[in-house]
Structure formats: C-alpha cells, structure tokens
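One structure below.
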Amino acid sequence: MEIVDLRSLHCRALKLAAVTVDRVKPADATRSTPCPPWDLHALLAHMIGQNHGFAAAVTGPGNASLEAFAPRPPAADPAAEWATSAEALTRAFTGADLARPVLLPEISADYPFPAWTVIGFHLLDTVVHGWDVATALEVEYEPDDELVDATLRVAQFVPTGPAREQPGASFAPVLPVAAGAEPWPRTLALLGRTPR
C-alpha cells in the first residue's frame, strides 16, 4: 500500500482546533459536548491525553502502554495545556518514520499500524474533536475542503456495529444522512454526530 504523508494536513488540523480550544475559559468546564457523558473539561482531558499517547506511541523505543493515552485533566489554563500536548505531538510526527509499525493499544493490543495510518487516525480525532469543542462553545468551526476530505476518508473505515453502543465507545452509532449530503455532514454522521 502506498504511504500517504498527512503530516502537513495534520498540522493544519491542530492549528484549526487551537483556534477553538483557545476560546475555552475555566467557566466553560461543565458545558455539555456531543460526546456524552463528557463535559467540556472531560473532552479536553481526553484530547490532551490522546496527544501525549500518540506522541509516545510514535517515538518510544517500544510501544506505548494504554496508560500513556489516559485523560489528563487540565488545570487553570486548558488552552495552554492542550497547546503543550499538541506541540509534543507535532514534534513526534515530524520525526516519525512513516513506515514504522506502531501499536495503538486502544485499538488493538496485537496488531500494529504503520505510522502514516496512525497519523490519519489522529487527524480524524483532531478535526472532529475540534468540532465537538466548537459545538460546546456554540461557535463556528469550518474545516477546509482538504481537511474534510481526508477526515471523511478515514471515517469511512471506522468499524461500525454493536461495539459503538457500548459504554465508553469511541464513536456513537452511525446516523442517517440525506442523499447527496455534503462531505462534512456525512463525516459527522458516520461518527455518530448530528450536524448543527
């Protein structure tokens, strides 16, 4: 399979998410999100933990443990803590061997993915969780067409079925979408989110 280098696109996704995360204030912590039962504080804790976990998985001498991906609840300055994690992740992805096998214990404890695929997984998380934060804050969030197309391509491979109905599932069940819907609403529906 041909290696696809998504690193520059992933950096763009992080920058877009940062614009929204920078707007989060401590008073917003209990706002509801499209990721029940997480409030905004829990969602940011998940996002920060995932950034650190993916960085550890790509750069470590072995494969990252499940604990490396654990949520990291932000303290007084959520935006700064998320930015620090995003910078660590960017450094890790920039120096990554795109063909290197990487084990993501949250997905599979036995079967690694090439690093370029792992970057695609995180690109999806970044773009969609950026939308989740924006939705919680009730502000606009508009990924460009290239980001949407890349996210949709990854979303189409996210497994469906009963596992999505279990507590703690990464994504809610797929939602119906109108025929001829634009790529972004289709992407959200594939991941169990209702477009605004």
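Things to note:
- Atom-type composition of the exposed protein surface of the chain places 57 percent of the accessible area on carbon and sulfur (1.4 angstrom probe).
- Sum of side-chain charges, ALA83 neighbourhood, beta-carbon under 10 Å (Lys, Arg +1; Asp, Glu -1): -4
- Shape category assigned to the stretch 130-181 from the gyration tensor of Cα positions, a/c cut at 1.5: oblate
- Counted charge near THR187, where neighbours are those whose Cβ lies closer than 10 Å (Asp, Glu -1; Lys, Arg +1): +1
- Cβ charges +1 (Lys, Arg) and -1 (Asp, Glu), total dipole of the chain, debye: 140
- Global dimensions of the stretch 4-157 from alpha-carbon coordinates: Rg and Dmax equal 14.7, 43 Å.
- Considering helices alone, the calculated mean residue ellipticity of the chain at 222 nm is -16000 deg cm²/dmol, with DSSP H runs of length four and up weighted by -39500 (n - 2.57) and normalised per residue.
- Ranking PRO143, THR30, LEU16 by Cα position along the charge dipole of the chain, where only Lys, Arg, Asp and Glu carry charges on their C-beta atoms, puts THR30 farthest toward the positive end.
- Cβ-defined net charge surrounding CYS11, 15 Å radius [Lys, Arg +1; Asp, Glu -1]: -1
- Fluctuation leader among ALA17, ALA179, ALA57 - the chain, Gaussian network, Cα springs under 10 angstrom: ALA179
- Normalised size of the stretch 9-80, defined as Cα radius of gyration per 2.2 N^0.38 Å with N residues, equals 1.18.
- Under a Gaussian network description of the chain, with springs only between Cα atoms under 10 Å, the residue in ASP110, ASP22, ASP145 that fluctuates furthest is ASP110.
- Think of a 1.4 Å ball rolled over the protein heavy atoms: the stretch 75-140 then has 41 Å² of accessible area per residue.
- Distance from the Cα centroid of the stretch 8-81 to that of the stretch 165-192 is 21 Å (rounded to whole angstrom).
The values are calculated or read from the model by the stated rules, or taken from the named source; none is laboratory data. All of these numbers come straight from a predicted model, not from anything done at the bench. Cβ atoms come from the backbone with ideal geometry, glycine included; neighbour counts cover every protein chain shown. Remember, those area values only see protein heavy atoms, side chains included, never the ligands or the DNA or RNA. Shrake-Rupley method; radii C 1.70, N 1.55, O 1.52, S 1.80 Å.
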